[in-house]
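Each remark here refers to the structure printed beneath this line.
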Amino acid sequence: MYLPEVVKRILDPPGPSQKFSVEDHKLINAYIHSFTLLGYTPYLAKYFRSQDPITKGGRELMPVLAERLVHLAPRLEAAMANNPDRKQSSRHANLVGSSVEILGHLLNIFIKEPKGSRVLVPPETKKALVPWLKKWEKYFGPNSVDPTLGSMCTRARCLLEGHVCQIIEADRLRKELKNWERCGKPGCGSTSNLKACAK
């Protein structure tokens, strides 16, 4: 999978099939699904932290996804109210689930990014998105069709709001992905008195 191309297609997806509207297609398509299959991996983190020009799209992705979620949210809210059955609930979960998952990964990756950075979710978008994430946490709670989505909404919201426990966990994951928590020498299990190579 060539990540720069996947990100490019997420930012500017090709036309949707008849199954989805243009707006829905921006949040649920093959490229977003492919991205989620990567999981939270060193490859993902290294790509997004790179300053190479080819990763430019990656630095635009978080605010774009957040804005798309905010744009979709009122229509999704109306659909949830009018179609409370499990089949429709599952469709609603599919519609926002992957984008919320990716948003959570990006919030983790850019946890050390300075305030005001264009990589981050703009304050006005964050202010609009957090209440929707709270609603989705409840809608997709433990007894819903997709409790995992509820947990992902909680994680993304806590990172956006700057909750200390979530930031500590994000920093731990960041160090783990950078292999800072153990010796990089093959076969060595040391986790203390580690030194960074000057090269």
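Taking 18 Å as the cut-off, the amide N atoms of segment 25-68 that come nearer than this to a point 7 Å along the Cα-to-beta-carbon line of THR148 belong to 28-41. Residues CYS188, CYS158 in ascending order of nearby Cβ atoms (within 10 Å, fewest first): CYS188, CYS158. Pairwise alpha-carbon distances in segment 3-177 exceed 20 Å for 51% of all pairs. Spacing of the modelled spin labels on GLU124 and CYS165, each 7 Å from Cα toward Cβ, amounts to 3.4 nm.
No value in this document is a laboratory result; all are computed from the given coordinates. Not measured: the values here are computed from a predicted model. Note that we place each Cβ from the backbone using ideal geometry, even for glycine, and neighbour counts take in every protein chain shown.
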